[in-house]
Every structure is written in structure tokens, then in C-alpha cells.
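Take a look at the structure set out below.
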Amino acid sequence: GSGDLLSERLLTAGHVLVERRIVADDIYRIRAVVSDWIARADIQAVLVNGGTGFTVRDTTPEALAPLFDKTIDGYGELFRQRSYATIGGSTMQSRAVAGVANRSLVFAMPGSPRACATAWDDIIAAQLDARTRPCNFVAMVLPDSQHCASRSTEIAQEVSV
């Protein structure tokens, strides 16, 4: 499924998967797991897949919003732009969100494998690579790596079901 796809992609890119967990579609459980992960020094990025649509069960954006110190508005905008090429106007139902929370990057995307591939391949992977120019997010979570060419970022992944 989509969690396996993301795990494979991030490991292939040279990152470390610290933890992976499936969490029920519950706003408070999602928030609790992500809160725990952003408090840990060994996790710099969190990938959340699922729960970003418009059904009653889709609460991932609401779970994450209070945790964000800053939102990364461009992520959701770019995700919807990239998705438009494959799913057309239905992309407006995506509430993909991202933000910085306690010096950790948090990216939430729809739960379909195709959506996860779009998010990772077209957006996230390059932003977690210190070699991406003119800018990337590595220096934001690893302040000593501004000139580092390391591709290693510790990542935790949560899957909503």
C-alpha cells in the first residue's frame, strides 16, 4: 500500500525510517502520535498519509494544524497543481498540508499510492536533500547542515486508516 511505497522511497533516498505506525482516523490520536514524534530529537520529518479528504473521518489537517509553528502553504498548492495533471478538478478535494512543528517537518498527503508517489517524487524528496538548490528544508531541521551534502534525514511515518 501507500505506507510501503513511502517507506521504500525514503529508504532508497538514503533516509532512516525511525518508526512507522498505523493510527485510527481520530483527530486526537493522530495529534498525539505526531506530537510525540516532533518532540523527539531523532526525528526531523514526519510523513502522514491518509485522512486529507472531505469525509467525516478525514481529520488529518485539523489534527496537525495546532502543532504547526509555521505552515508550508506551497506544499499543498504544489501538490494540487501536480495532481491536476492526473485527476483533473477532483484535486480540489485534497487537503494536503505541511508545516514546521518544533523544528520538525510534517507533510500530510492523501492515502492513495499514486498521491503518495506524487507527494514524495515530485515535492518532498528534493526538499529533504541538502543538495537541492536554490533552497531546501534540510537547514531548517538540521541547522549545522547548511553546506552539508548529506541526504540522511531521520523520518517517522504515520498511516491513517
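None of the figures in this text is laboratory data; all of them are computed from the coordinates on show. None of these values were measured; they are calculated from a predicted model. All Cβ positions, glycine included, derive from the backbone under ideal geometry; neighbour counts span all protein chains shown.
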Expressed to two decimals, the chain has a Cα Rg over Rh, using the Kirkwood radius, of 0.93
Spelling out what I want: for every residue of the range 71-76, take phi, set θ = phi - 60°, compute 6.51 cos²θ - 1.76 cosθ + 1.60 (Karplus), and round to whole Hz; glycine and proline get x. 8, 9, 4, x, 5, x
Using θ = phi - 60° and the Karplus relation 6.51 cos²θ - 1.76 cosθ + 1.60, list the HN-Hα couplings for the range 22-39 in order, rounded to whole Hz, with x at every Gly or Pro. 9, 10, 4, 6, 9, 3, 7, 5, 4, 4, 5, 5, 5, 4, 4, 5, 6, 7
Quick one: length gained pulling Ala139 to Thr12 fully straight, 0.36 nm per residue minus the C-alpha distance? 43.6 nm
I'd like to know how the range 61-131 sits against the 2.2 N^0.38 Å rule of thumb: what's its Cα Rg over that expected value? 1.08
DSSP beta bridges in the chain [antiparallel fraction, %, rounded to 5]: 30 percent
Which value, in debye to the nearest 20, describes the size of the charge dipole of the chain about its Cα centre when Lys and Arg Cβ atoms bear +1, Asp and Glu Cβ atoms bear -1, and nothing else is charged? 200 debye
Distance between modelled label sites at Tyr84 and Arg29, nm, 7 Å Cα→Cβ extension: 3.6 nm
